[in-house]
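The values are calculated or read from the model by the stated rules, or taken from the named source; none is laboratory data. No experiment lies behind these values; they were computed from the predicted model shown. Cβ atoms come from the backbone with ideal geometry, glycine included; neighbour counts cover every protein chain shown. The accessibility values were calculated without ligands, DNA or RNA, using every heavy atom of the protein model including side chains. Shrake-Rupley method; radii C 1.70, N 1.55, O 1.52, S 1.80 Å.
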Amino acid sequence: DMPRMDGDDRAVLSAPVFEPETETLRLSETLAATPVTPEMWAYQQGSYPTLRTFIEERQGRGLESQEFDDFRELVAVVRLTVQCLPQIDALVAEAAGDSFASEDLGLPQQVGE
């Protein structure tokens, strides 16, 4: 699902403000995206806070038409990723449980042993 963008589509972006109680990400005083959950707002790809960085990099100007589409798609992808993370974590744990331990392979337990 694509997020809703409500308000002035010509608004100059300000520092993003997240309102968890309403799942609203304010891009300016007159433009907001919903729904954005706390997990989506907190999501990082490595050390890159995905949604925050997108808005902050465009702060001080309005979004172009393609950027509106890009932002909607980014929010949708972050939503799907956050929803899939528990399943991914379970699969990684399952795969790790079936792997060999270093002692099974006769490897040293710590570097330098």
Within the bounds of the range 45-65, is there any residue that is more than 11 Å from the chain's Cα centre (by Cα) and hydrophobic (A, V, I, L, M, F, W, C)? yes
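Does L13 qualify as being of a type outside the set (G, A, S) and in contact with a Ser or Thr (Cβ under 8 Å, 6 or more places away or on another chain)?
yes
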Taking into account only those residues within the range 50-62 that are open to solvent by less than 40 Å² (accessible area, probe 1.4 Å) and of a type outside the set (F, W, Y), which is farthest from L27 (Cα to Cα)? T50
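Take E21 and decide whether it is of a type outside the set (F, W, Y), exposed (fewer than 13 other Cβ atoms within 10 Å of the Cβ) and at pLDDT below 95.
Details: of a type outside the set (F, W, Y): yes; exposed (fewer than 13 other Cβ atoms within 10 Å of the Cβ): yes; at pLDDT below 95: no.
Spelling it out, it is not the case that E21 is of a type outside the set (F, W, Y), exposed (fewer than 13 other Cβ atoms within 10 Å of the Cβ) and at pLDDT below 95.
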Sort through S28, S99, S65, S47 and tell me the only one that's open to solvent by 60 Å² or more (accessible area, probe 1.4 Å) and either hydrophobic (A, V, I, L, M, F, W, C) or under 16 Å from G7 (Cβ atoms) (or both). S65
Residue check, D1 farther than 14 Å from E67 by Cβ and surrounded by fewer than 20 Cβ atoms within 10 Å (Cβ to Cβ): yes
